[in-house]
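Inspection log for the structure reproduced underneath, given as structure tokens.
No lab work stands behind these numbers, since they all come straight from the coordinates. The model shown is predicted, which means the values in this text are computed figures rather than measured ones. All Cβ positions, glycine included, derive from the backbone under ideal geometry; neighbour counts span all protein chains shown.
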Amino acid sequence: MSTEVKFQDGNLVVTRTYDAPREAVFEAWVETSKVQQWWGCGDCTNVRSEIEPKVGGRYNHHMTIHGMEVPGFATLTEYDPPARLAYSSAIPGGPDASMPSTNMVVAVDFSEVEGGTLVQLTHTGIPDMKVEGDIELREIIRTGWTAAFGKLDDFLAQAA
């Protein structure tokens, strides 16, 4: 199955149906040993996660991309297994700190559908900024989630 990715009302929305029970898909998002097997973009390696599955808990994922350590710190703001989780993370402003910090929120909904589980991720608060020269942060996040959703499909197929 393919991953549908679009910007809608300024938010990134990613959807995909997985051939797995809702509980198994949800667990893949909140159990450290499982998340570390699929999290991140296609070039991501060495994922180290720290997850406290409760509102206010940590939802941190540090990874290596092209040899560079990329830390990811977030706090769970919603936790309703196996239906929904949401987390927020702050990112600093631009390279010269001229832009204010931004709070991004990611909400993930898990719905039972015929043949499996529909996952819909909505990523809000992505700043309109460039990183690494002239690369849009929104494009990096879009391609990262697209790859991660594919990697999650591979992980769930192997686990079945």
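Taking amide hydrogens as placed 1.01 Å from N in the peptide plane, the amide H of residue 57 sits under 5 Å from those of 76, each at least 5 positions away in sequence or on another chain.
Could you order the peptides 132-138, 121-127 from most to least packed, using the average number of other C-beta atoms within 10 Å per residue?
Values: 132-138: 11.3, 121-127: 18.0.
In decreasing order of mean packing, 132-138, 121-127 become 121-127, 132-138.
Please go through region 49-85 and write out the GluC sites (Glu not before Pro) that DSSP classes as loop and that have at most 15 other C-beta atoms within 10 Å. Write out the running numbers ahead of the final one.
Details: sites: 50, 69, 78; in loops: none.
Of the GluC sites (Glu not before Pro), not one in the loops of region 49-85 has a Cβ with at most 15 other Cβ atoms within 10 Å.
When peptides 35-46, 2-13 are ranked by their average number of other Cβ atoms within 10 Å per residue, the highest-first order is 35-46, 2-13. For region 108-113, backbone phi angles converted through the Karplus equation (6.51, -1.76, 1.60; θ = phi - 60°) give residue-by-residue couplings of 10, 10, 10, 10, 6, 9 Hz, Gly and Pro being listed as x. To the nearest 10 degrees, how steeply does helix 137-159 sit against the main Cα axis of the chain, on a 0 to 90 scale? The angle comes out at about 20 degrees.
Note on region 9-67 and region 127-149: Cα centroid distance 17 Å, given to the nearest whole angstrom. The charge dipole of the chain, taken about its Cα centre with unit charges on the Cβ atoms of Lys, Arg (+1), Asp and Glu (-1) only, comes to about 180 debye. For the chain, dividing the convex hull volume of the Cα atoms by the residue count gives 112 Å³ per residue. Summed over qualifying helices (DSSP H, 4 residues or more, each -39500 (n - 2.57)) and divided by its residue number, the chain shows a 222 nm mean residue ellipticity of -7000 deg cm²/dmol.
Annotation note: trypsin sites (Lys or Arg not before Pro) in region 22-77 located in DSSP loop regions with a Cβ neighbour count of at most 13 within 10 Å are 54. Note: relative contact order over region 36-160, using C-alpha pairs below 8 Å and six or more positions apart, is 19 percent.
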